[in-house]
Amino acid sequence: MTKERFSDDGDPVSEDQYYFDTRTGEVSKGPQSAWSSRMGPYPTREAAAQALELARARSEAWDEEEREREREK
């Protein structure tokens, strides 16, 4: 019996998708690293390679939204 693996959001892991390892900075096809240092899944190798930049941009956008809400109070 094979053990099914799941992504951080609870979806089944796909061996056909790409992941970014925050520990090594490498992209892998299929989840090769521990969940605690893995970002993904991403549909392409290129998207996975941009994982940290995407996360940084999203975080900055959320921070700006929070600052705007605070100013509106």
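Nothing in this text is a laboratory measurement; each read-out follows from the coordinates by a stated rule. Values in this document were obtained by computation on a predicted structure and should not be read as measured data. A quick note on method: Cβ atoms are made from the backbone with ideal geometry, for glycine too, and the neighbour counts reach across all protein chains shown.
For T22 and R69, compute 0.36 nm times the residue count separating them, minus their Cα-Cα distance, and round to one decimal in nm.
Numbers: separation 47, 0.36 × 47 = 16.92 nm, distance 3.13 nm.
Working it through step by step, the gained length comes to 13.8 nm.
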Whose amide H sits under 5 Å from the amide H of R38, counting only residues 5 or more places off or on another chain, with H placed in the peptide plane?
T22
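Cβ under 9 Å from F20's Cβ, F20 left aside: what net charge do those residues give with Lys, Arg +1 and Asp, Glu -1?
Combined, the nearby Lys, Arg, Asp and Glu give -1.
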